[in-house]
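*Asks:* Pasting a structure here, questions to come.
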Amino acid sequence: MEYPIIDGHCDTVRLFDTDNYDFSKRNGEGHLDLPRLKEGNVKLQFFALYIEEEYKPVGSLKRCLTLLERYFETMESCPDDFITIYSAADLKNLFNSDKIGALLCIEGGEALEGEIAVLQSLFRLGIRAIGLTWNQQNQLATGVGSGIRGEGLTSFGKNVIVEMNRMGMLVDLAHINEDGFFEAVETSSKPVVVSHANARSLCNHPRNLSDEELKKLSENDGVIGVSFYPDFIDPKNPTFDRLLDHFVYIADIIGTEHLGIGSDFDGIDKVLHGLEDVTGLSGLITGLKRRGFTSEDIARITSKNFYRILSDVLP
(Lines give C-alpha, C1' and ligand atoms only; values in the text may rest on other atoms or scores of the structure.)
Protein backbone atom coordinates (compact mmCIF):
# COMPACT_ATOMS: atom_id res chain seq x y z
CA MET A 1 0.00 0.00 0.00
CA GLU A 2 1.69 3.17 -1.18
CA TYR A 3 1.34 6.13 1.19
CA PRO A 4 -1.38 5.05 3.59
CA ILE A 5 -2.91 8.21 5.02
CA ILE A 6 -3.59 9.39 8.55
CA ASP A 7 -6.02 12.31 8.54
CA GLY A 8 -5.92 14.32 11.76
CA HIS A 9 -9.42 15.79 11.67
CA CYS A 10 -12.92 15.29 10.34
CA ASP A 11 -16.36 16.18 11.72
CA THR A 12 -18.24 13.31 10.10
CA VAL A 13 -19.69 11.99 13.37
CA ARG A 14 -22.21 14.82 13.30
CA LEU A 15 -23.72 13.13 10.23
CA PHE A 16 -24.11 9.89 12.20
CA ASP A 17 -26.76 11.73 14.21
CA THR A 18 -28.89 12.58 11.16
CA ASP A 19 -31.52 10.67 9.22
CA ASN A 20 -30.89 9.08 5.83
CA TYR A 21 -27.11 8.86 6.28
CA ASP A 22 -25.49 5.44 5.96
CA PHE A 23 -21.76 5.56 6.64
CA SER A 24 -21.24 2.08 5.22
CA LYS A 25 -22.39 3.24 1.77
CA ARG A 26 -21.33 5.99 -0.62
CA ASN A 27 -23.38 9.08 0.24
CA GLY A 28 -24.44 12.02 -1.86
CA GLU A 29 -23.73 14.33 1.06
CA GLY A 30 -20.67 14.80 3.19
CA HIS A 31 -17.02 14.42 2.32
CA LEU A 32 -16.24 10.90 3.47
CA ASP A 33 -17.77 7.53 4.24
CA LEU A 34 -16.48 3.97 4.26
CA PRO A 35 -16.31 3.42 0.47
CA ARG A 36 -14.65 6.80 -0.09
CA LEU A 37 -12.16 6.31 2.76
CA LYS A 38 -11.07 3.10 1.08
CA GLU A 39 -10.78 4.83 -2.28
CA GLY A 40 -8.76 7.64 -0.68
CA ASN A 41 -6.36 5.11 0.92
CA VAL A 42 -7.02 6.43 4.44
CA LYS A 43 -5.59 4.07 7.02
CA LEU A 44 -6.44 6.04 10.16
CA GLN A 45 -9.08 8.73 10.48
CA PHE A 46 -9.37 11.01 13.51
CA PHE A 47 -13.10 11.42 14.23
CA ALA A 48 -13.93 14.56 16.19
CA LEU A 49 -16.96 14.86 18.44
CA TYR A 50 -17.69 18.52 17.85
CA ILE A 51 -19.68 20.22 20.59
CA GLU A 52 -21.93 22.72 18.83
CA GLU A 53 -22.40 26.20 20.26
CA GLU A 54 -25.99 25.60 21.32
CA TYR A 55 -24.70 23.04 23.84
CA LYS A 56 -22.38 25.54 25.53
CA PRO A 57 -22.03 26.13 28.40
CA VAL A 58 -24.92 23.83 29.43
CA GLY A 59 -25.32 20.42 27.86
CA SER A 60 -21.82 19.88 26.46
CA LEU A 61 -21.17 16.56 28.16
CA LYS A 62 -24.61 15.21 27.23
CA ARG A 63 -24.02 16.16 23.60
CA CYS A 64 -20.56 14.57 23.67
CA LEU A 65 -21.95 11.29 25.01
CA THR A 66 -24.76 11.29 22.45
CA LEU A 67 -22.26 11.67 19.60
CA LEU A 68 -20.05 8.99 21.15
CA GLU A 69 -22.97 6.56 21.18
CA ARG A 70 -23.81 7.40 17.55
CA TYR A 71 -20.18 6.68 16.66
CA PHE A 72 -20.20 3.24 18.28
CA GLU A 73 -23.58 2.38 16.74
CA THR A 74 -22.22 3.30 13.32
CA MET A 75 -18.98 1.37 13.68
CA GLU A 76 -20.85 -1.70 14.88
CA SER A 77 -22.55 -1.74 11.47
CA CYS A 78 -19.21 -2.33 9.71
CA PRO A 79 -17.07 -4.38 12.13
CA ASP A 80 -15.09 -6.09 9.38
CA ASP A 81 -13.80 -2.78 8.08
CA PHE A 82 -13.10 -0.59 11.12
CA ILE A 83 -11.18 -0.76 14.37
CA THR A 84 -11.16 1.91 17.07
CA ILE A 85 -7.63 2.70 18.24
CA TYR A 86 -7.11 2.83 22.00
CA SER A 87 -3.40 2.05 22.43
CA ALA A 88 -0.01 2.07 20.77
CA ALA A 89 -0.38 -1.69 20.32
CA ASP A 90 -3.69 -1.17 18.50
CA LEU A 91 -1.96 1.30 16.20
CA LYS A 92 0.82 -1.14 15.35
CA ASN A 93 -1.68 -3.94 14.73
CA LEU A 94 -3.74 -1.66 12.49
CA PHE A 95 -0.86 -1.15 10.09
CA ASN A 96 -0.46 -4.91 9.86
CA SER A 97 -4.12 -5.39 8.96
CA ASP A 98 -6.47 -4.55 6.11
CA LYS A 99 -8.82 -2.52 8.34
CA ILE A 100 -9.23 1.23 8.69
CA GLY A 101 -8.56 2.71 12.09
CA ALA A 102 -10.52 5.38 13.91
CA LEU A 103 -9.23 7.62 16.69
CA LEU A 104 -11.85 9.33 18.86
CA CYS A 105 -11.39 13.02 19.65
CA ILE A 106 -13.40 15.73 21.36
CA GLU A 107 -13.42 19.21 19.83
CA GLY A 108 -14.08 21.57 22.71
CA GLY A 109 -13.06 21.12 26.35
CA GLU A 110 -16.51 22.26 27.50
CA ALA A 111 -17.43 18.56 27.53
CA LEU A 112 -15.29 18.09 30.66
CA GLU A 113 -17.55 20.49 32.57
CA GLY A 114 -14.63 21.50 34.76
CA GLU A 115 -14.01 18.05 36.23
CA ILE A 116 -10.87 15.90 35.95
CA ALA A 117 -13.04 12.89 36.81
CA VAL A 118 -15.06 13.51 33.63
CA LEU A 119 -11.80 13.57 31.63
CA GLN A 120 -10.84 10.24 33.17
CA SER A 121 -14.24 8.72 32.42
CA LEU A 122 -14.09 9.87 28.80
CA PHE A 123 -10.70 8.21 28.52
CA ARG A 124 -12.27 4.96 29.76
CA LEU A 125 -14.94 5.36 27.09
CA GLY A 126 -12.32 5.54 24.36
CA ILE A 127 -11.50 9.21 23.84
CA ARG A 128 -7.84 9.53 22.90
CA ALA A 129 -7.49 13.22 21.88
CA ILE A 130 -9.03 16.49 22.99
CA GLY A 131 -9.01 19.89 21.33
CA LEU A 132 -8.81 22.13 24.39
CA THR A 133 -10.97 24.83 22.83
CA TRP A 134 -13.10 25.55 19.86
CA ASN A 135 -13.23 29.27 19.10
CA GLN A 136 -14.65 30.44 22.42
CA GLN A 137 -13.19 30.81 25.87
CA ASN A 138 -13.93 27.89 28.20
CA GLN A 139 -12.79 26.42 31.53
CA LEU A 140 -9.50 25.22 29.98
CA ALA A 141 -8.29 28.02 27.76
CA THR A 142 -9.16 30.89 25.44
CA GLY A 143 -10.18 30.14 21.89
CA VAL A 144 -8.80 32.11 19.00
CA GLY A 145 -12.23 33.33 17.97
CA SER A 146 -12.83 35.13 21.27
CA GLY A 147 -10.50 38.01 20.36
CA ILE A 148 -9.24 37.99 23.94
CA ARG A 149 -5.53 38.62 24.42
CA GLY A 150 -3.49 38.17 27.56
CA GLU A 151 -5.52 35.18 28.73
CA GLY A 152 -4.50 31.70 27.68
CA LEU A 153 -4.42 28.45 29.59
CA THR A 154 -6.26 28.29 32.93
CA SER A 155 -5.00 26.40 35.97
CA PHE A 156 -7.64 23.76 35.23
CA GLY A 157 -6.40 23.60 31.64
CA LYS A 158 -2.87 22.94 32.87
CA ASN A 159 -4.14 20.16 35.14
CA VAL A 160 -6.03 18.67 32.21
CA ILE A 161 -2.89 18.58 30.04
CA VAL A 162 -0.87 16.94 32.81
CA GLU A 163 -3.54 14.28 33.28
CA MET A 164 -3.87 13.74 29.53
CA ASN A 165 -0.11 13.20 29.34
CA ARG A 166 -0.30 10.71 32.19
CA MET A 167 -3.19 8.67 30.80
CA GLY A 168 -2.17 8.71 27.15
CA MET A 169 -4.36 11.29 25.41
CA LEU A 170 -3.24 13.54 22.60
CA VAL A 171 -3.38 17.32 23.22
CA ASP A 172 -4.80 19.19 20.21
CA LEU A 173 -4.16 22.95 20.03
CA ALA A 174 -6.24 23.79 16.97
CA HIS A 175 -8.50 26.77 17.76
CA ILE A 176 -6.56 27.96 20.83
CA ASN A 177 -5.25 31.55 20.98
CA GLU A 178 -1.54 32.37 20.91
CA ASP A 179 -1.21 32.86 24.68
CA GLY A 180 -2.78 29.49 25.30
CA PHE A 181 -0.76 27.83 22.56
CA PHE A 182 2.61 28.71 24.03
CA GLU A 183 1.50 27.93 27.59
CA ALA A 184 0.08 24.56 26.55
CA VAL A 185 3.24 23.55 24.69
CA GLU A 186 5.31 24.49 27.76
CA THR A 187 2.97 22.52 30.02
CA SER A 188 2.84 19.32 27.99
CA SER A 189 5.53 16.71 28.59
CA LYS A 190 4.47 14.96 25.38
CA PRO A 191 4.31 16.12 21.76
CA VAL A 192 1.13 18.01 20.85
CA VAL A 193 -0.69 18.45 17.56
CA VAL A 194 -2.52 21.22 15.79
CA SER A 195 -4.90 18.94 13.95
CA HIS A 196 -6.19 21.32 11.26
CA ALA A 197 -4.57 24.69 10.49
CA ASN A 198 -2.23 26.31 7.98
CA ALA A 199 0.52 28.93 7.76
CA ARG A 200 -0.49 32.45 8.79
CA SER A 201 2.35 34.00 6.79
CA LEU A 202 0.60 32.80 3.62
CA CYS A 203 -2.97 33.40 4.80
CA ASN A 204 -3.53 35.87 7.62
CA HIS A 205 -6.36 34.01 9.32
CA PRO A 206 -6.39 33.83 13.14
CA ARG A 207 -6.81 30.06 13.01
CA ASN A 208 -3.50 29.64 11.18
CA LEU A 209 -0.14 29.40 12.95
CA SER A 210 2.47 32.12 12.99
CA ASP A 211 6.09 31.27 12.20
CA GLU A 212 6.84 31.52 15.94
CA GLU A 213 4.10 29.02 16.73
CA LEU A 214 5.32 26.66 14.02
CA LYS A 215 8.85 26.77 15.42
CA LYS A 216 7.58 26.16 18.95
CA LEU A 217 5.58 23.19 17.68
CA SER A 218 8.69 21.72 16.09
CA GLU A 219 10.66 22.17 19.34
CA ASN A 220 7.94 20.10 21.01
CA ASP A 221 8.30 17.45 18.24
CA GLY A 222 4.66 18.13 17.38
CA VAL A 223 2.74 17.99 14.11
CA ILE A 224 0.45 20.37 12.24
CA GLY A 225 -2.23 18.83 10.06
CA VAL A 226 -2.63 21.09 7.03
CA SER A 227 -6.30 21.87 6.44
CA PHE A 228 -8.17 21.93 3.13
CA TYR A 229 -10.54 24.70 4.23
CA PRO A 230 -10.36 27.46 1.58
CA ASP A 231 -10.54 30.27 4.16
CA PHE A 232 -7.30 28.99 5.72
CA ILE A 233 -5.55 28.75 2.32
CA ASP A 234 -5.97 32.17 0.72
CA PRO A 235 -8.45 35.01 1.32
CA LYS A 236 -8.82 35.80 -2.38
CA ASN A 237 -7.72 32.83 -4.46
CA PRO A 238 -7.82 29.53 -2.53
CA THR A 239 -6.61 27.07 -5.14
CA PHE A 240 -5.12 23.59 -5.01
CA ASP A 241 -1.71 25.02 -5.88
CA ARG A 242 -2.04 27.57 -3.08
CA LEU A 243 -2.71 24.70 -0.66
CA LEU A 244 0.53 23.10 -1.85
CA ASP A 245 2.25 26.42 -1.08
CA HIS A 246 1.34 25.90 2.58
CA PHE A 247 2.96 22.46 2.63
CA VAL A 248 6.10 23.91 1.01
CA TYR A 249 6.23 26.93 3.31
CA ILE A 250 5.80 24.94 6.53
CA ALA A 251 8.37 22.37 5.38
CA ASP A 252 10.83 25.20 4.71
CA ILE A 253 10.25 26.64 8.21
CA ILE A 254 10.23 23.47 10.36
CA GLY A 255 10.88 20.49 8.10
CA THR A 256 8.67 17.69 6.85
CA GLU A 257 9.08 15.90 10.20
CA HIS A 258 6.29 18.08 11.60
CA LEU A 259 3.83 18.09 8.70
CA GLY A 260 0.63 16.10 8.40
CA ILE A 261 -2.84 16.18 6.90
CA GLY A 262 -5.84 17.56 8.78
CA SER A 263 -8.54 17.82 6.13
CA ASP A 264 -11.41 19.14 8.29
CA PHE A 265 -13.76 17.23 5.99
CA ASP A 266 -17.43 17.46 7.01
CA GLY A 267 -16.56 20.44 9.16
CA ILE A 268 -16.20 22.86 6.26
CA ASP A 269 -18.90 24.55 4.20
CA LYS A 270 -16.80 24.95 1.05
CA VAL A 271 -14.15 22.82 -0.67
CA LEU A 272 -11.23 23.16 -3.04
CA HIS A 273 -11.51 22.10 -6.65
CA GLY A 274 -9.68 18.77 -6.75
CA LEU A 275 -10.30 18.03 -3.07
CA GLU A 276 -14.08 17.91 -3.06
CA ASP A 277 -13.95 14.85 -0.82
CA VAL A 278 -11.54 12.27 0.56
CA THR A 279 -11.13 10.57 -2.81
CA GLY A 280 -9.02 13.55 -3.91
CA LEU A 281 -6.13 12.60 -1.64
CA SER A 282 -4.29 10.77 -4.41
CA GLY A 283 -4.20 14.08 -6.29
CA LEU A 284 -2.67 15.74 -3.23
CA ILE A 285 0.15 13.19 -3.24
CA THR A 286 0.70 13.83 -6.94
CA GLY A 287 0.86 17.56 -6.21
CA LEU A 288 3.41 17.08 -3.42
CA LYS A 289 5.59 15.05 -5.79
CA ARG A 290 5.31 17.82 -8.37
CA ARG A 291 6.51 20.33 -5.79
CA GLY A 292 9.68 18.35 -5.15
CA PHE A 293 8.82 16.42 -1.99
CA THR A 294 10.71 13.14 -1.83
CA SER A 295 9.14 9.75 -1.22
CA GLU A 296 10.28 9.90 2.40
CA ASP A 297 8.90 13.42 2.79
CA ILE A 298 5.53 12.28 1.51
CA ALA A 299 5.54 9.21 3.74
CA ARG A 300 6.10 11.49 6.75
CA ILE A 301 3.34 13.88 5.71
CA THR A 302 0.79 11.20 4.89
CA SER A 303 1.23 9.01 7.97
CA LYS A 304 4.63 8.64 9.61
CA ASN A 305 4.56 11.87 11.63
CA PHE A 306 1.14 11.27 13.18
CA TYR A 307 2.10 7.62 13.68
CA ARG A 308 5.24 8.66 15.57
CA ILE A 309 3.35 10.93 17.93
CA LEU A 310 0.54 8.46 18.56
CA SER A 311 3.07 5.72 19.29
CA ASP A 312 4.66 8.02 21.87
CA VAL A 313 1.47 9.39 23.45
CA LEU A 314 -1.04 6.53 23.46
CA PRO A 315 -1.02 4.08 26.38
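*Asks:* Please work out if ASN159 is open to solvent by 10 Å² or more (accessible area, probe 1.4 Å) and either part of a loop (DSSP other than H, G, I, E, B) or under 30 Å from TYR249 (Cβ atoms) (or both).
*Replies:* no
*Asks:* Would you point out which residue out of LEU209, LEU243, LEU275 is of a type in the set (A, V, I, L, M, F, W, C) and under 16 Å from the mean Cα position of the chain (by Cα)?
*Replies:* Being of a type in the set (A, V, I, L, M, F, W, C) and under 16 Å from the mean Cα position of the chain (by Cα) holds for just one of LEU209, LEU243, LEU275, which is LEU209.
*Asks:* In addition: Return the total of residues in segment 68-85 being in a loop (DSSP other than H, G, I, E, B) and surrounded by fewer than 18 Cβ atoms within 10 Å (Cβ to Cβ).
*Replies:* Residues meeting the conditions: 5.
*Asks:* What's the number of the condition SER189 fails, among (1) more than 18 Å from the chain's Cα centre (by Cα); (2) outside any loop (DSSP other than H, G, I, E, B); (3) among the hydroxyl-bearing types (Ser, Thr, Tyr)?
*Replies:* (2)
*Asks:* Among the residues of segment 94-114, write down those that are over 23 Å from ALA174 (Cβ atoms) and in contact with a Ser or Thr (Cβ under 9 Å, 6 or more places away or on another chain).
*Replies:* Here is the first cut: in segment 94-114, the residues over 23 Å from ALA174 (Cβ atoms) are 94-99.
Matches in segment 94-114: PHE95 only.
*Asks:* Within segment 1-46, restricting attention to residues that are assigned to a helix (DSSP H, G or I) and touching a strand residue (DSSP E or B) at 6+ places or on another chain (Cβ under 8 Å), which residue is nearest to ASP277 (Cα to Cα)? Walk me through it before giving the result.
*Replies:* Going residue by residue through segment 1-46, those that are assigned to a helix (DSSP H, G or I) are 13-16, 34-39.
Right, trim to touching a strand residue (DSSP E or B) at 6+ places or on another chain (Cβ under 8 Å) and you get 13-14, 34, 37-38.
Numbers: VAL13: 16, ARG14: 16, LEU34: 12, LEU37: 9, LYS38: 12 Å.
The qualifying residue nearest to ASP277 (Cα to Cα) is LEU37.
*Asks:* A further question on this structure: Restricting the search to segment 54-67, which residues are open to solvent by 10 Å² or more (accessible area, probe 1.4 Å) and either in contact with a Phe, Trp or Tyr (Cβ under 8 Å, 6 or more places away or on another chain) or in a loop (DSSP other than H, G, I, E, B) (or both)?
*Replies:* Correct list: LYS56, PRO57, VAL58, GLY59, LYS62, ARG63.
*Asks:* Anything in segment 96-119 that is surrounded by 14 or more Cβ atoms within 10 Å (Cβ to Cβ), out of contact with any Asp or Glu (no Cβ under 7 Å at 6 or more places or on another chain) and either closer than 25 Å to LEU153 by Cβ or in contact (Cβ under 8 Å) with a residue 60 or more places away in the chain (or both)? List them, or say none.
*Replies:* Scanning segment 96-119 gives LEU103, LEU104, ILE106, GLU107, GLY108, GLY109, GLU110, ALA111, LEU112, GLU113, GLY114, VAL118.
*Asks:* Still on this model: Taking LEU49, is it in contact with an Asp or Glu (Cβ under 7 Å, 6 or more places away or on another chain), in a helix (DSSP H, G or I) and open to solvent by less than 50 Å² (accessible area, probe 1.4 Å)?
*Replies:* Criteria not met by LEU49.
*Asks:* Every residue in segment 253-286 that is in contact (Cβ under 8 Å) with a residue 24 or more places away in the chain and of a type in the set (S, T, N, Q), please.
*Replies:* Hits for segment 253-286 are THR256, SER263, THR279, SER282.
*Asks:* Then there is this: Kindly establish whether ASN41 is open to solvent by 30 Å² or more (accessible area, probe 1.4 Å), among the polar types (S, T, N, Q), under 26 Å from ASP269 (Cα atoms) and within 20 Å of the chain's Cα centre (by Cα). Write out each step before concluding.
*Replies:* Numbers: open to solvent by 30 Å² or more (accessible area, probe 1.4 Å): yes; among the polar types (S, T, N, Q): yes; under 26 Å from ASP269 (Cα atoms): yes; within 20 Å of the chain's Cα centre (by Cα): yes.
So ASN41 fits the description; yes.
*Asks:* Let me confirm something: among ASN198, ASN165, ASN177, ASN159, which residue is polar (S, T, N, Q), at pLDDT 95 or above, more than 19 Å from the chain's Cα centre (by Cα) and more than 18 Å from LEU68 (Cβ to Cβ)?
*Replies:* Numbers: ASN198 fails: more than 19 Å from the chain's Cα centre (by Cα); ASN165 fails: more than 19 Å from the chain's Cα centre (by Cα); ASN177 fails: more than 19 Å from the chain's Cα centre (by Cα).
When all the criteria are applied, what remains is ASN159.
*Asks:* Between a first residue in segment 14-40 that is over 23 Å from LEU68 (Cβ atoms) and a second residue that is part of a loop (DSSP other than H, G, I, E, B) and open to solvent by less than 10 Å² (accessible area, probe 1.4 Å), which pairs have beta carbons less than 8 Å apart while being 6 or more apart in sequence or on different chains?
*Replies:* Partner pairs satisfying both residue conditions: ARG26/ASP33; GLY40/LEU32.
*Asks:* Restricting segment 121-156 to residues that are open to solvent by 20 Å² or more (accessible area, probe 1.4 Å) and of a type in the set (Val, Ile, Thr), which is nearest to the chain's Cα centre (by Cα)?
*Replies:* VAL144
The values are calculated or read from the model by the stated rules, or taken from the named source; none is laboratory data. Predicted model only: the values in this text are computed from it and were never measured. Please note: Cβ atoms are built from the backbone with ideal geometry, for glycine as well, and neighbour counts cover all protein chains shown. Protein only, heavy atoms only, side chains kept; ligands, DNA and RNA dropped before computing areas. Shrake-Rupley method; radii C 1.70, N 1.55, O 1.52, S 1.80 Å.
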